[in-house]
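Trainee: Below is a structure I'd like to ask you about.
The values are calculated or read from the model by the stated rules, or taken from the named source; none is laboratory data. Please read these numbers as outputs of a predicted model, since none were measured by experiment. Every residue, glycine as well, gets a Cβ built from its backbone with ideal geometry; the counts of neighbours run over all protein chains shown. Remember, those area values only see protein heavy atoms, side chains included, never the ligands or the DNA or RNA. Shrake-Rupley method; radii C 1.70, N 1.55, O 1.52, S 1.80 Å.
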Amino acid sequence: MDTQHPDLHPLFAAHIDTLKQRGDAALARAGFDHLVIPAGVLRYQFLDDRDYPFFVNPHFKHWLPVTKAPGSWIVYTPGQRPKLIFLQPADYWHVVPDSPAGYWVEHFDIVIIREAADALAELPKHGARCAIIGEDNAALGHFVPNNPQALIDSLHYRRMAKTDYELAMMRVASKIGARAHRAAEAAFHAGQSEYAIHMAYLQAARQTENELPYSNIIALNEHGAILHYHDLRHAPPSHVHSFLIDAGASFHGYASDITRTHAASDAGEFQALIDSVDAAQQRLCAGVRAGQDYAALHLAAHRELAAVLKEHGLIRMSAESAVESGTSTVFFPHGLGHPIGLQVHDVAGFAANDNGATIERPQGHPYLRMTRPIELGAVVTIEPGIYFIDMLLAQLRETRHAKDIAWDRVDSFRKYGGIRIEDDVACTSGAPENLTRDAFALVGTS
């Protein structure tokens, strides 16, 4: 199969069959006859008539690549074709959604409605046993989302394994993100501000801020030490040392999530540290195998990064001691990564099974977003980092381990903020598929 230009017709047909099988099982378990999924509706700002950007129900876009059709519904009844109730209003205030078209429409019975309330005539009859998945504000008449937990647990657990169609969508999202990352990197080396780098990214991605899967992190110098930095200064700093960018892209409802860190041309010691983190990150990516305990891979990341800290003279203790004492968490305070797909932080990362049982995080690692074993078809992010965060370093100074820190060396790195390198990696029956590195190979040098 041509992974760059696949035939989406058979991929989507197989995808829909998989969703039907999962839906059948979930409905039977929860005791319902129909699965009803509202796309969602616009939300308006308090005391105003301005609406917030619309973000579609992820369960809706799991069934079809439509992300801008508020007021629409999907109905699935086992043994029948899914029905799309598509709201195409007569409206001169807003852009009206285009009529459904493309590789997916043949798999749906499609009904066009002009008023939101007209959906009631197309939804299951009153009294039918419906599992309705969505936000409360998507209610229409007696169709109020009930989000039955047994059904949600079943669907979410199985969503971890991506279909071939979903992987095809994520490859495209990765390529868009990689192309935009290259534009941002060029803007950085041209001396642009955080705001200007951000705008270069949007232009290259050809996506608005609201179309991106999450808000870009564009951090120069010490701002890289702020894990979720979104300020975007309009003026460039007087001297540029480093650039950390965490930014993704969307395609047909699926996300990519990519982080890279770049050093200024005169920051040789920082580039050497980036290179060591990058090598460690690639070893961790190689661990994305079926059956691999993701929490154990997170702990392996701490050992890898502690060895990097030791190698670069930032700590005097052994790597083992740095992990055991919790010192490594000062420099690497977040989790190794998370599931990704329809959502950037996708669902069921802690699920032990499809019955709602969960797997606890390792003690001392409260920010890890996934603890379940990796399974075939899963896509996860691998994003280790080393940061120089003033608050955490100040706390470390007050501990008995302070004597084992090369503080002069640490202080010399504060101006760089930090390093994070993140790839989206798919678990296959063979070697892991690194969606991010493959995408960079297509658009230019990694």
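Trainee: Which condition from (1) out of contact with any helix residue (DSSP H, G or I) (no Cβ under 7 Å at 6 or more places or on another chain); (2) open to solvent by 20 Å² or more (accessible area, probe 1.4 Å) is the one that Leu232 breaks?
Mentor: Against the list (1) out of contact with any helix residue (DSSP H, G or I) (no Cβ under 7 Å at 6 or more places or on another chain); (2) open to solvent by 20 Å² or more (accessible area, probe 1.4 Å), Leu232 comes up short only on (1).
Trainee: Under 6 Å between Cβ atoms, which residue pairs at least 6 apart in sequence (or on different chains) link something in the stretch 101-124 that is in contact (Cβ under 8 Å) with a residue 12 or more places away in the chain with a partner that is among the small types (Gly, Ala, Ser) and surrounded by fewer than 14 Cβ atoms within 10 Å (Cβ to Cβ)?
Mentor: Correct list of pairs: Arg114/Ala90; Leu120/Gly141.
Trainee: Are any of the residues in the stretch 38-51 in contact with a Pro (Cβ under 9 Å, 6 or more places away or on another chain) and over 21 Å from Ala117 (Cα atoms)?
Mentor: Checked against the condition, which is being in contact with a Pro (Cβ under 9 Å, 6 or more places away or on another chain) and over 21 Å from Ala117 (Cα atoms), the stretch 38-51 yields no hits at all.
Trainee: Go through (1) surrounded by fewer than 18 Cβ atoms within 10 Å (Cβ to Cβ); (2) within 21 Å of Met170 (Cα to Cα); (3) in contact (Cβ under 8 Å) with a residue 60 or more places away in the chain; (4) among the charged types (D, E, K, R) and name the single condition Lys61 misses.
Mentor: Evaluating Lys61 over (1) surrounded by fewer than 18 Cβ atoms within 10 Å (Cβ to Cβ); (2) within 21 Å of Met170 (Cα to Cα); (3) in contact (Cβ under 8 Å) with a residue 60 or more places away in the chain; (4) among the charged types (D, E, K, R) leaves (1) as the failure.
Trainee: Take the stretch 235-257 and flag every residue that is among the β-branched types (Val, Ile, Thr) and touching a residue at least 60 places away in the same chain (Cβ under 8 Å).
Mentor: Ile245
Trainee: Please enumerate the residues belonging to the stretch 207-264 that are touching a Lys or Arg at 6+ places or on another chain (Cβ under 8 Å) and acidic (Asp, Glu).
Mentor: The answer is Glu222, Asp246.
Trainee: Take the residues of the stretch 36-54 that are touching a residue at least 40 places away in the same chain (Cβ under 8 Å) and open to solvent by 20 Å² or more (accessible area, probe 1.4 Å): which is nearest to His107 (Cα to Cα)?
Mentor: Applying the filter and picking the extreme gives Val41.
Trainee: I need every pair where a residue in the stretch 70-89 that is on the phi > 0 side of the Ramachandran plot has its Cβ under 9 Å from the Cβ of a residue that is small (Gly, Ala, Ser) and in a loop (DSSP other than H, G, I, E, B), sequence separation at least 6 or different chains.
Mentor: So the pair list comes out as Gly71/Ala39; Gly71/Gly40.
Trainee: Moving to a separate point now. For the stretch 126-163, which residues satisfy the criterion of being closer than 14 Å to Leu27 by Cα, touching a residue at least 24 places away in the same chain (Cβ under 8 Å), among the polar types (S, T, N, Q) and open to solvent by 20 Å² or more (accessible area, probe 1.4 Å)?
Mentor: Hit for the stretch 126-163 is Gln149, nothing else.
Trainee: What about Ser215, is it under 27 Å from Leu336 (Cβ atoms), open to solvent by 40 Å² or more (accessible area, probe 1.4 Å) and modelled with pLDDT of 95 or more?
Mentor: Yes, satisfied.
Trainee: What pairs come out if I take residues in the stretch 380-399 that are closer than 30 Å to Leu435 by Cα and in contact (Cβ under 8 Å) with a residue 60 or more places away in the chain and pair them with residues that are hydroxyl-bearing (Ser, Thr, Tyr) and crowded, with 21+ Cβ neighbours inside 10 Å whose C-beta lies under 6 Å away, six or more apart or interchain?
Mentor: Pairs that qualify, where the first residue is closer than 30 Å to Leu435 by Cα and in contact (Cβ under 8 Å) with a residue 60 or more places away in the chain and the partner is hydroxyl-bearing (Ser, Thr, Tyr) and crowded, with 21+ Cβ neighbours inside 10 Å, are Glu383/Thr259.
Trainee: Here's another thing I want to ask about it. Pairs only if they're at least six apart or on different chains, beta carbon under 6 angstrom, first in the stretch 195-219 and over 21 Å from Val56 (Cα atoms), second of a type in the set (D, E, K, R); list them, first residue then second.
Mentor: From residues that are over 21 Å from Val56 (Cα atoms), the pairs are Ala204/Arg179; Ile217/Asp246; Ile218/Glu194.
Matching residues to (1) of a type in the set (Gly, Ala, Ser); (2) under 30 Å from Ala441 (Cα atoms):
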position: His15; (1), (2): no, yes
position: Gly23; (1), (2): yes, no
position: Leu27; (1), (2): no, no
position: His34; (1), (2): no, no
position: Leu42; (1), (2): no, no
position: Phe46; (1), (2): no, no
